[in-house]
1. Using 32 Å as the Cα-Cα cut-off, could you pick out the over-long pairs in Lys87/Lys153; Lys136/Lys198; Lys176/Lys216; Lys128/Lys152; Lys70/Lys110; Lys68/Lys172?
2. So what are the ³J(HN,Hα) numbers for the stretch 257-272, from phi and the Karplus equation (6.51, -1.76, 1.60; θ = phi - 60°), rounded to whole Hz, Gly and Pro as x?
3. How far apart, in nanometres, would the label points at Lys125 and Glu169 be if each is projected 7 angstrom from Cα along the Cα-to-Cβ direction?
4. Give me, ordered by chain and number, the residues 5 or more places off Ile65 or on other chains with an amide H under 5 Å from its own placed amide H.
5. What ratio of Cα Rg to 2.2 N^0.38 Å holds for the stretch 69-269?
6. What does the extension gain come out to for Leu232 and Ser64, with contour length at 0.36 nm per residue minus their alpha carbon separation?
7. Which length gain, in nm to one decimal place, applies between Thr255 and Glu137 when the Cα-Cα distance is subtracted from 0.36 nm times their residue separation?
8. Can you list residues from other chains, or at least 5 along the same chain, whose modelled amide H is less than 5 Å from the amide H of Ala88?
Amino acid sequence: MKNKKLLAILIFLIMTVITYVFLYRKTEAPKLNGVPLIVEDKEFVIKDSVIVAPQDNFINSNSSISTKYKIINRDLVTPIDAKNQQKAVLLTIDDGPSKRTKEILDILNKHNAKAIFFINGINEKHNKGVIEETYKEGFAIGNHTWSHIDLKKQKDVVTIEKEINRNTELIKNLTKTPPLFFRAPYGESNPYVRKLVKEDGMIFMDWSGAAKDWEKSTIEKDVFINNAILNLHSGSILLIHEHPWSVANLDGLLTAIEEKGYTFIDPKDIIE
Ligand SMILES: [Zn+2]
C-alpha cells in the first residue's frame with residue numbers, strides 16, 4: 001500500500017517535470033547563435049534557416065489590444081479599443097503632388113512615419129508618377145479637390161461635384177483604389193459637401209494642429225516646430241504643406257514629436 005502511494009507521487013512528479021519542460025520549450029524564444037530573437041517584445045521565428053518577422057496581427061500572451069482607429073468630430077483620431085493607450089498622432093500633408101514630394105517621402109521613411117497626402121489633381125500633370133510612388137510606398141492618398149477651390153463659396157452644386165469627383169477618378173486611376181479621406185481646401189465646407197463626401201464613402205477630415213506654414217515666419221525652424229507641437233495631444237491631426245521651408249523643417253519636427261513620446265498613426269489603421 002505504502003509502495004503504491006510512493007509510486008503515485010513519483011509518477012505525479014515525473015508528469016509535472018515533463019509538462020513544465022514541454023511548456024517551457026514551447027514558449028522559449030528562438031535563438032540565433034545563442035541570442036534570443038526578440039525585437040520590441042515580438043518574437044521572430046526561424047523557418048528554413050530564414051528569420052521570419054511576426055505577422056501584423058501577432059497577438060502576444062499578455063495583450064490583444066486592437067490598433068484600429070476612428071475619426072471623431074472630423075479632427076480627432078481615437079482608438080477603437082479603449083485599452084489602446086499608445087501616444088500617437090496623425091500626419092497630413094496637403095496641396096501636392098509637387099517636386100518636393102519625394103524628399104518628403106524620404107524624411108517620413110527615415111522616421112518610419114506614415115501620413116495622408118491630400119492632393120489636388122491639377123498638380124499631377126507637372127509631377128507625373130509622384131502620386132503612384134507615394135501610394136506604393138505605403139502612404140494614403142486623400143482627396144483635396146481637383147483645383148483647391150473654396151467649396152463653401154460655390155453656389156453651383158455641379159462645380160462642387162466636379163471638383164470632388166474628378167479628383168477621386170484620378171486617384172482611382174493612378175492607385176487602383178478610391179480615396180478613403182477627404183479634406184476641404186481652407187477647411188471650408190457646408191452640409192451639402194459633407195453629405196456628398198459621406199455618400200462617396202470618404203471620411204471627412206479637418207485638422208487640430210498645424211505648423212501654420214502659410215505664415216512666412218515658419219521659415220524659422222523653431223517657429224515651425226513650436227507651432228506644430230503646441231497643444232499636441234494623442235489623436236492630434238497635424239497639417240503641413242509641401243512648401244520648401246516645410247520640407248526643410250520636417251525632419252526636425254518629426255524628431256521633436258518623437259521626443260515627446262508620440263508615434264505616428266498609419267492611415268491604414270483608420271477604419272471609420
Ligand atoms: Zn490645401
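1. Checking Cα-Cα distances, Lys87/Lys153; Lys176/Lys216 exceed 32 Å.
2. Here the 3J(HN,Hα) series is 5, 5, 5, 7, x, 8, 10, 10, 6, 7, x, 5, 8, 8, 10, 7 Hz.
3. If labels sit at Lys125 and Glu169, their model points lie 1.5 nm apart.
4. Here nothing satisfies the definition.
5. Relative to the rule-of-thumb radius for its length, the stretch 69-269 sits at 0.98.
6. In short, 57.7 nm is gained.
7. So the extension gain works out to 40.4 nm.
8. Result for Ala88 returns Gly235, Thr263.
Every read-out reported here was derived from the displayed coordinates using simple, explicitly stated rules and does not represent laboratory data. As the structure is a computational prediction, the values presented were derived from the model and not from experiment. Ideal geometry is used to build each Cβ from the backbone, glycine not excepted, and the neighbour counts take in all protein chains shown.
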